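Each remark here refers to the structure printed beneath this line.
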Amino acid sequence: RCRRRARAMVKSAILFAAPHRLLFLTGIVQLAATMLWWTVALAGIHFDTVALPNGEIPASLLHAPILIYLVLPPLFFGFLLTVFPRWMGYPDLERRAYAPVAVGYALSAVLCWAGLLAGRDILLTGALAAAFLASLWGVFLLASIAVREVRDSKSPTWHGWSILAAFAFGIAGHFAVISFMVDPANGTLPFANRIGLWAFILPVFFTVCHRMVPFFAGNVVEGYIRWRPFWLLAAFWLGTVFLVVAEVTGQLILLSLGSVLIAAITALMVWKWWPRAKAPALLWVLIIGFAWAPLGYALAFLGSTGFELGRAPEHALTIGFASSILVAMVTRVTHGHSGRPLYFPVVAWIAFVGMQTAALARIAAGVHYESPALLLASAIIFVACFAPWMLHNGAIYLQARIDGKAG
């Protein structure tokens, strides 16, 4: 018994040794488990297979808010609580600062699965509430660093402020989801889903790519020019505001303007960032993953002009763009912060290729009037390819750094 306690204490110490460990572990397990649950739910909805426990709110309405507000934020915070101080030239955060964020999302994950498996909406509401509090604390930590930068009269780190703007929208959307869970008749879920996608999830991915992709490339490609002007951030946010206003007011012209603007600037970024010399796999997967952004926003533009695309634009951006970047970024951070060589292992390739295939299948489903067979195929591919990578990374988070360093 004493040995078991000692091992548990060691594992606990390892999980809290750096901000990303428990948060990344929670996020990737949540993503794999949520997509498995969604795969089973799709099979039940369309093919009358296993019927999952259901509360008042059906699985079809829970899929998006769980991914947006419970699954992706711990992955965001695992990265941002590590890099935010470094971006602004300050020491790393102490364990007592970031631990509440990690514990809050871990508790949220437990409540989420208790609610899904038991069909109890009250537990899901508790999961969203726990995640909301964790998010508030995490945003407070990030904002405190940004405010400190202002007080110290430093030049503003615009990537940091862009992230904070995205989280402000995320908090608003998160509150709207909790409001919906308390009173499903109030109609706040569509607002929460739309603002969560267009103004929270996608801006975080865009901002991190704008900051990190040219930085990575400049370190590994001979003669590479790091191109990341700040007007791109301003143009992206202008387009995002158009998209948010369009979703709230129903003005399709704004949806067209916003999506075509962002499609144009992201296409320009792909062209400018494309390596003109030999580059490692870890960079290529970032470039290819980012190339889904102009495609996804271009599909959103086409959808706004009357083309029947279903949910193809949203899933080109979430599976194609966001999930590809997630696999690439998390692999790099996980290997780099565990003392391992920076390379793209076989399980990462399986996950990355799986995201491309799942995205294509999901786009095809949208074009074919949300074909049930293609919907299910996309989900199965996602889970089958993502799970080995999740297990590989999860094992790393439970081990001390192999180089003996702290973190």
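The values are calculated or read from the model by the stated rules, or taken from the named source; none is laboratory data. Just so we're clear, the structure is a prediction, and the values are computed from it rather than from any experiment. Every residue, glycine as well, gets a Cβ built from its backbone with ideal geometry; the counts of neighbours run over all protein chains shown. Accessible surface areas use protein heavy atoms only, side chains included; no ligands, DNA or RNA. Shrake-Rupley method; radii C 1.70, N 1.55, O 1.52, S 1.80 Å.
Details
- If you check Leu398, Leu375, Leu295 for being under 27 Å from Trp273 (Cα atoms) and of a type in the set (A, V, I, L, M), only one passes: Leu295.
- Of the residues making up the range 391-407, those that are hydrophobic (A, V, I, L, M, F, W, C) and open to solvent by 30 Å² or more (accessible area, probe 1.4 Å) are Leu391, Ala395, Leu398, Ala400, Ile402, Ala406.
- Counting only helices (runs of 4 or more DSSP H) that sit wholly inside the range 140-237, those with at least 3 residues that are farther than 30 Å from Trp274 by Cα and of a type in the set (Val, Ile, Thr) are 158-182.
- Of the residues Leu252, Leu238, the single one that is of a type outside the set (S, T, N, Q) and at pLDDT 95 or above is Leu238.
- Test: residue in the range 77-89 that is under 30 Å from Val150 (Cα atoms), free of Cβ contacts under 8 Å to residues at least 40 places away in the same chain and either out of contact with any helix residue (DSSP H, G or I) (no Cβ under 6 Å at 6 or more places or on another chain) or of a type in the set (A, V, I, L, M, F, W, C) (or both): yes
- Residue match in the range 274-290 (condition: touching a Cys at 6+ places or on another chain (Cβ under 7 Å) and hydrophobic (A, V, I, L, M, F, W, C)): yes
- One residue stands out in the range 278-296 among those that are in a helix (DSSP H, G or I) and of a type in the set (Gly, Ala, Ser): the one that is farthest from Val204 (Cα to Cα), namely Ala281.
- Of all residues in the range 330-384 being of a type in the set (Ser, Thr, Tyr), over 19 Å from Pro280 (Cα atoms) and in a helix (DSSP H, G or I), the one that is most open to solvent (accessible area, probe 1.4 Å): Thr357
- Test for His174: is it modelled with pLDDT of 95 or more, touching a His at 6+ places or on another chain (Cβ under 8 Å) and either buried (at least 18 other Cβ atoms within 10 Å of the Cβ) or of a type in the set (Gly, Ala, Ser) (or both): no
- Under the condition of being assigned to a helix (DSSP H, G or I) and closer than 15 Å to Ile380 by Cα, the residues counted in the range 46-62 number 2.
- Residue satisfying condition, being among the small types (Gly, Ala, Ser), within 21 Å of Gly170 (Cα to Cα) and buried (at least 18 other Cβ atoms within 10 Å of the Cβ), within set Ala234, Ala246, Ala217: Ala246
- Verdict on Val110 being more than 20 Å from the chain's Cα centre (by Cα), of a type in the set (A, V, I, L, M, F, W, C) and open to solvent by 50 Å² or more (accessible area, probe 1.4 Å): no
- Counting only residues that are small (Gly, Ala, Ser) and open to solvent by 40 Å² or more (accessible area, probe 1.4 Å), the range 130-153 holds 2 of them.
- Every condition in (1) touching a Leu at 6+ places or on another chain (Cβ under 8 Å); (2) crowded, with 20+ Cβ neighbours inside 10 Å holds for Ala97 except the one numbered (2).
- Count of the range 154-171 residues which are open to solvent by 70 Å² or more (accessible area, probe 1.4 Å) and more than 21 Å from the chain's Cα centre (by Cα): 2
- Residue within the range 285-304 that is surrounded by fewer than 19 Cβ atoms within 10 Å (Cβ to Cβ) and under 12 Å from Ile363 (Cβ atoms) present: yes
- Every residue from the range 374-390 that is of a type outside the set (Val, Ile, Thr) and free of Cβ contacts under 8 Å to residues at least 40 places away in the same chain: Leu374, Ala377, Ala384, Cys385
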